[in-house]
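Chemist: Sharing a structure here in structure tokens format.
The values are calculated or read from the model by the stated rules, or taken from the named source; none is laboratory data. Everything quoted here is computed from the prediction, not taken from an experiment. Here Cβ is always computed from backbone atoms with ideal geometry, including for glycine, and neighbour counts include all displayed protein chains.
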Amino acid sequence: MTGVIPSDLEGIYIRNDPNPLFKPSSYNYPLEGDGMLHAFYFDGSKVSYRNRFIWTRGLKYEFYEGKALPELKFRNYANTNIFAHGGVILGLYEAGSPYQITPELETVGKWDFQGSIEQSMSAHPKLDPQTGELHFFRYSLLNSPYLTYYVANRQGEIIRTLPIDLPQPALLHDMAITENYVIFFHFPLVFEMSRAMKCSSPFVWKPELGTKIILVDRHDWTRSPVSLETDAFWLWHFMNAYEEKGLIMIDFVYYPQIKLESTLEAILATKGHLHRFTVNADTKTIKSQPLDDRFVDLPTIDLRQTGNLYQFGYAPYIDLQLTAQKKIPNYYPEIIQYNISKQTSKVHRFKPGCYGGEAVFVPQKNGDSELDGYVMTLVFDENKQKSDLVILDPANFEAEPIATIHLPVRIPSGFHGNWIPKDAINFTTV
Ligand SMILES: [Fe+2]
């Protein structure tokens, strides 16, 4: 370790990533790969690390056969996110049921909220910090309703289920909440069964259909969702949304289009940037405004500000030149700290040959401000072929890390993770 681990860090940082146990016959769908969890257990001044696969049903079949099975290509890999709510830790994959995981990363089995949800749960639930409610959805590619919105209370019991009509089935990856609204974007990335049968990417981009913004009233359950039409665009992730002076601000990573293939060509052709929509729900008007032009994704915030006015957001910068040169995607040589209210930014750049990922904000125990905390990201060092967990100071973001935990192993570039405080889940250190 370099530096000192802050003594008030007590909890687990867990990150999920796709990590195929067996070499796949092909790899052309970005959500493929068996979910592997990487957990860092902080107990005051100590930290320990453990990793485990999520033992999904598909992975068990392949393990039994000792090879990748092409017929299981479009399965639930549980590889996208990891989230704790109501005392349960869930490994998430948007097109499949969540898997319950113990704090020690053992797979318990599928979780369906006491029989209250069917088949799948989105990988980006939103926790309302005021009410403790968890908002999430499922999308169906085969049967209507193509979108269903759920709310679970603080204890993890489902208290609202709302089917939402969509004109055609489509992939939705994320959602946003504000004080009064739940926000879905419906994209013209259309599922076609004929393509799925050929074992290639089953989605087609149809820009002529446009993108729809769907606003659901959180409090008046009798009110039908409102739909606003826009030109076609795509997002993977929202940064945050909030309401101010009767308007809804929606911050997200805007892509003019999406090519849903894991090829270098597709990645180089679709550059995203941080963007804001200012929506007037009464007049159904949208003001569209870029907040930056650098290519970023995997945006995060201090989750205590979810759905509320916020000042800071974080996103790793994607270096397309490096990606083209190395012919491998996901090179994040720096993390950008956006000051959203002042429209400025700071950059933490890693040493040459070192690449970060999603940056997770961890609040300090006794601090309310968005600068009272720590920013964690996993960094791969291509020179050593090993990874570090880096802890940055949000109040001094460009400075050397507060602590760098050097791992004896390499952790692949991954998707999403979360901080689980010790008072939320009982756990024993390794
Ligand atoms: Fe995601």
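Chemist: Tell me whether the range 299-319 contains one or more residues that are modelled with pLDDT under 95 and touching a Pro at 6+ places or on another chain (Cβ under 7 Å).
Modeler: The answer is yes, given that some residue of the range 299-319 is modelled with pLDDT under 95 and touching a Pro at 6+ places or on another chain (Cβ under 7 Å).
Chemist: Quick one: in the range 79-95, which of the residues that are closer than 21 Å to Glu358 by Cβ and outside any strand (DSSP E or B) is nearest to the ligand (Cβ to nearest atom)?
Modeler: Looking at the filtered set, the residue picked out is Thr80.
Chemist: Ok, one more. Given the conditions (1) touching a Lys or Arg at 6+ places or on another chain (Cβ under 9 Å); (2) part of a loop (DSSP other than H, G, I, E, B); (3) within 16 Å of the ligand (Cβ to nearest atom), and given that Leu37 satisfies all but one, which numbered condition is not satisfied?
Modeler: Leu37 satisfies every listed condition except (2).
Chemist: Still on this structure, please answer the following. Any idea which of (1) in a strand (DSSP E or B); (2) modelled with pLDDT under 95 is the one Tyr338 doesn't satisfy?
Modeler: Checking Tyr338 against (1) in a strand (DSSP E or B); (2) modelled with pLDDT under 95, the one that fails is (2).
Chemist: OK, next. Please determine whether any residue of the range 100-120 is outside any loop (DSSP other than H, G, I, E, B), surrounded by 23 or more Cβ atoms within 10 Å (Cβ to Cβ) and either assigned by TED's automatic domain parsing to the domain that holds Asn51 or small (Gly, Ala, Ser) (or both).
Modeler: Scanning the range 100-120 turns up at least one residue that is outside any loop (DSSP other than H, G, I, E, B), surrounded by 23 or more Cβ atoms within 10 Å (Cβ to Cβ) and either assigned by TED's automatic domain parsing to the domain that holds Asn51 or small (Gly, Ala, Ser) (or both).
Chemist: Please state which one of Ala123, Ala152 is at pLDDT 95 or above and within 16 Å of the ligand (Cβ to nearest atom).
Modeler: Answer to the check: Ala123.
Chemist: Related question: Scanning for something within 16 Å of the ligand (Cβ to nearest atom), under 30 Å from Ser26 (Cα atoms) and assigned to a loop (DSSP other than H, G, I, E, B), does the range 204-222 turn up at least one residue?
Modeler: no
Chemist: Sticking with this structure for a sec: Here are some residues: Ser387, Ser413. Which one is in contact with a Phe, Trp or Tyr (Cβ under 9 Å, 6 or more places away or on another chain) and in contact (Cβ under 8 Å) with a residue 40 or more places away in the chain?
Modeler: One residue alone meets the criteria, Ser413.
Chemist: So which strands (runs of 3 or more DSSP E) stay within the range 226-315 end to end and still have 1 or more residues that are of a type in the set (Val, Ile, Thr) and either under 20 Å from the mean Cα position of the chain (by Cα) or surrounded by fewer than 18 Cβ atoms within 10 Å (Cβ to Cβ) (or both)?
Modeler: Of the strands (runs of 3 or more DSSP E) lying wholly inside the range 226-315, those with at least 1 residues that are of a type in the set (Val, Ile, Thr) and either under 20 Å from the mean Cα position of the chain (by Cα) or surrounded by fewer than 18 Cβ atoms within 10 Å (Cβ to Cβ) (or both) span 226-230, 247-254, 273-280, 285-290.
Chemist: Quickly run through the range 134-149 and pick out the residues that are more than 16 Å from the ligand (Cβ to nearest atom) and more than 16 Å from Leu215 (Cβ to Cβ).
Modeler: Once the filter is applied, which keeps residues that are more than 16 Å from the ligand (Cβ to nearest atom) and more than 16 Å from Leu215 (Cβ to Cβ), the range 134-149 yields Leu134, Ser140, Leu141, Leu142, Asn143, Ser144, Pro145, Tyr146, Thr148.
Chemist: Mind checking which residues of the range 217-235 are of a type in the set (Val, Ile, Thr) and either within 23 Å of Pro299 (Cα to Cα) or in contact (Cβ under 8 Å) with a residue 60 or more places away in the chain (or both)?
Modeler: Once the filter is applied, which keeps residues that are of a type in the set (Val, Ile, Thr) and either within 23 Å of Pro299 (Cα to Cα) or in contact (Cβ under 8 Å) with a residue 60 or more places away in the chain (or both), the range 217-235 yields only Thr230.
Chemist: With the requirement that a residue be touching a strand residue (DSSP E or B) at 6+ places or on another chain (Cβ under 9 Å) and polar (S, T, N, Q), what does the range 1-50 give you?
Modeler: Passing the criteria: Thr2, Asn16, Asn19, Ser48.
Chemist: Among the residues of the range 1-59 satisfying the criterion of being under 26 Å from Asn366 (Cα atoms) and among the polar types (S, T, N, Q), which is modelled with the lowest pLDDT?
Modeler: That would be Ser45.
Chemist: Collect the residues in the range 197-224 that are of a type in the set (Ser, Thr, Tyr), modelled with pLDDT of 90 or more and surrounded by 13 or more Cβ atoms within 10 Å (Cβ to Cβ), keeping them in residue-number order. Break it down into steps so the answer makes sense when it comes.
Modeler: Initial filter on the range 197-224 (of a type in the set (Ser, Thr, Tyr)): 200-201, 211, 222, 224.
Within this subset, residues satisfying the condition of being modelled with pLDDT of 90 or more are 211, 222, 224.
Selection gives Thr211 alone.
Chemist: Let me ask something else about it. I'd like the residue in the range 408-422 that is among the hydrophobic types (A, V, I, L, M, F, W, C) and away from the ligand (no atom under 16 Å from the Cβ) and, out of all such residues, is surrounded by the fewest Cβ atoms within 10 Å (Cβ to Cβ).
Modeler: Looking at the filtered set, the residue picked out is Val409.
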